[in-house]
Amino acid sequence: MLLHRIQQHFVDGADLQYQCAQAVGPALEAAVGAMLSGLTGGGKVLVWGSGVSAALAQSFVAQLVGRFERERPELAALALGINPAITTGALPGLDAATWPMVRQLRALGLPGDVLLLMAAAPPGADALAAIAAAHEREMVVVALTGARPGELPDVLKDTDVLVALPTERPARVHEAQLVALHAICDAIDVQLLGEDTETEIIEP
């Protein structure tokens, strides 16, 4: 019984990845285009992750600044909210627009930058405030969420990108987010470096 349950995780995960390939491939392609436009235009990618997605945000930034599977010049990216001195400034009574991570976004975001926002549950007031701040800074927003994007469709602009993964289960959302981020990294590398099957893949 336990063995079957363990094996079922892999079966369910593989099924979800197949669904994602069909459902969100075009949206991910649009996300890659938005990020490449910002990065090659002198901008940067600011990454906001909520909950477990915050760890994925740090991993994604490391792969942009460092490398994914091939050597290439570093790309400008920063994970928001990883400095405890900033995040612990969230004191009771502050409204969403003045939460530390939103202030950090306002301080660092510039026109031409891209905000990548990731969440498994429907984004809360802090995420919505971050999107508003990004729009104030004339940034493009890419949202990578589960099947319940909450109010995002109402607040995102036509120039933004919503990638709503076809699952509501948080663990599965995080799994699919990781694969989606790897797909983005690979697509960026292909656009910048070309497809070179002879290049040795470097262990991250």
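Descriptive notes on the structure:
- Some residue of the stretch 83-103 being part of a loop (DSSP other than H, G, I, E, B), within 17 Å of Leu178 (Cα to Cα), at pLDDT below 95 and of a type outside the set (Phe, Trp, Tyr): no
- Looking only at residues in the stretch 97-141 that are under 14 Å from the mean Cα position of the chain (by Cα) and without any contact (Cβ under 8 Å) to a residue 40 or more places away in the chain, the one that is farthest from Val163 (Cα to Cα) is Ile131.
- Residue list for the stretch 109-132, filter: modelled with pLDDT under 95 and either more than 22 Å from Leu16 (Cα to Cα) or part of a helix (DSSP H, G or I) (or both): Gly124, Ala125, Asp126, Ala127, Leu128, Ala129, Ala130
Quick grid of which residues meet (1) exposed (fewer than 15 other Cβ atoms within 10 Å of the Cβ); (2) within 12 Å of the chain's Cα centre (by Cα); (3) not hydrophobic (A, V, I, L, M, F, W, C); (4) not in a helix (DSSP H, G or I):
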| residue | (1), (2), (3), (4) |
| --- | --- |
| Phe10 | yes, no, no, no |
| Asp15 | yes, no, yes, no |
| Ala21 | yes, no, no, no |
| Leu28 | no, yes, no, no |
| Val32 | no, yes, no, no |
| Leu39 | no, no, no, no |
| Gly42 | yes, no, yes, yes |
| Ala62 | yes, no, no, no |
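- Of the criteria (1) in a loop (DSSP other than H, G, I, E, B); (2) buried (at least 18 other Cβ atoms within 10 Å of the Cβ); (3) in contact with a strand residue (DSSP E or B) (Cβ under 8 Å, 6 or more places away or on another chain), which one Thr167 fails: (3)
- Candidates are the residues of the stretch 148-164 that are modelled with pLDDT under 95 and part of a loop (DSSP other than H, G, I, E, B); the one that is nearest to Leu16 (Cα to Cα) is Arg148.
- Residue match in the stretch 47-58 (condition: without any contact (Cβ under 8 Å) to a residue 24 or more places away in the chain and either farther than 16 Å from His182 by Cα or assigned to a helix (DSSP H, G or I) (or both)): yes
The values are calculated or read from the model by the stated rules, or taken from the named source; none is laboratory data. Computed from a predicted model, the values in this text were never measured in an experiment. For neighbour counting, all protein chains shown are included, and Cβ atoms are generated from backbone atoms with ideal geometry for every residue, glycine included.
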